[in-house]
Amino acid sequence: MCTRPADALVSRRLGGVAAALSACILSAMMLSGLAHAQGYPTRFDLGAPATEQDVAPIAIAISPDGNGLPVGSGEYARGKSVYDAACTACHGADLMGVAGLPNMPNGAQLRLIGGRGTLTSKNPVLTVESYWPYATTLFDYVQRAMPFTAPGSLSADDVYAVCAYILAEGKIIDKTTVLDAKTLPRVVMPNRDGFVPDPRPERFR
């Protein structure tokens, strides 16, 4: 069997690719030289290095063990006041979500409580109460993203308080519980053991 015609075709194609690549490199070099000759900079030093003060307002991640939680505290009564003022428009007075809001998820996705025991069913109800594994995640999310119209505007005391209100309404903690940097990480969420550790940590190093 003769393979020379195929070999010749492959050789011609490779030669064409090499020629095209050479032309591209040559064009880039010519353009770079032209830009330099006309006084254009070869590097644009835009912006400035971020300082610790710049980073601090956004370096607010809270770990499951509570590392990063700020000083402060909050309880149910204050949390209800904060919730009524800042949260009911989307999540509803009953924490079950408001349907029909423009440019927003449907009402079920805005629901905060209920849904226990549904995660393995055909129609799982994903809420803070039924799905979230750590109470500290609730603090983290509310602190950085809520309320929707003014994210990051709540004080640490307000965030602790609204967390206490939501968790108490979900019957996860008692209404007399005061949440702070020590007590919040101790809250055991109903789905604490519902997540499986990823066996491939080497892919995320």
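If you go through segment 134-152 one residue at a time, how many are without any contact (Cβ under 8 Å) to a residue 40 or more places away in the chain and either open to solvent by less than 10 Å² (accessible area, probe 1.4 Å) or under 18 Å from residue 77 (Cα atoms) (or both)?
So the count comes out to 2.
From the list 110, 101, 119, exactly one residue is open to solvent by less than 30 Å² (accessible area, probe 1.4 Å) and over 19 Å from residue 173 (Cα atoms). Which is it? Quick ask: steps written out before the conclusion?
Values: 101 fails: open to solvent by less than 30 Å² (accessible area, probe 1.4 Å); 119 fails: open to solvent by less than 30 Å² (accessible area, probe 1.4 Å).
The conditions single out 110.
Which of the residues that make up segment 153-205 are of a type in the set (Gly, Ala, Ser) and surrounded by fewer than 13 Cβ atoms within 10 Å (Cβ to Cβ)?
153
Against the condition surrounded by 14 or more Cβ atoms within 10 Å (Cβ to Cβ), touching a Phe, Trp or Tyr at 6+ places or on another chain (Cβ under 6 Å) and among the hydrophobic types (A, V, I, L, M, F, W, C), how does residue 125 come out, does it pass?
no
Scanning for something touching a Gly at 6+ places or on another chain (Cβ under 8 Å), within 30 Å of residue 59 (Cβ to Cβ), part of a helix (DSSP H, G or I) and at pLDDT 95 or above, does segment 114-128 turn up at least one residue?
No: zero hits.
Considering only segment 64-110, state which residues are among the hydrophobic types (A, V, I, L, M, F, W, C), touching a residue at least 60 places away in the same chain (Cβ under 8 Å) and in contact with a helix residue (DSSP H, G or I) (Cβ under 6 Å, 6 or more places away or on another chain).
Residues satisfying the conditions are 82, 95.
Go through 95, 126 for me and flag whichever is among the aliphatic types (A, V, I, L, M) and at positive phi. Walk me through it before giving the result.
Details: 126 fails: at positive phi.
Selected residue: 95, the only one of 95, 126 that is among the aliphatic types (A, V, I, L, M) and at positive phi.
Given the options 94, 54, 45, name the one that is acidic (Asp, Glu), open to solvent by 70 Å² or more (accessible area, probe 1.4 Å), modelled with pLDDT under 95 and more than 22 Å from the chain's Cα centre (by Cα). Reasoning before the result, please.
Numbers: 94 fails: modelled with pLDDT under 95; 54 fails: more than 22 Å from the chain's Cα centre (by Cα).
Criteria check complete, one pass: 45.
As an exercise: evaluate residue 70 against (1) touching a strand residue (DSSP E or B) at 6+ places or on another chain (Cβ under 8 Å); (2) over 14 Å from residue 165 (Cα atoms); (3) open to solvent by less than 40 Å² (accessible area, probe 1.4 Å) and give the number of the one condition it does not meet.
The single condition residue 70 does not satisfy is (1).
The values are calculated or read from the model by the stated rules, or taken from the named source; none is laboratory data. The model shown is predicted, which means the values in this text are computed figures rather than measured ones. When we count neighbours, we look across all protein chains shown, and the Cβ atoms used for this are built from the backbone with ideal geometry, even at glycine. Accessible surface areas use protein heavy atoms only, side chains included; no ligands, DNA or RNA. Shrake-Rupley method; radii C 1.70, N 1.55, O 1.52, S 1.80 Å.
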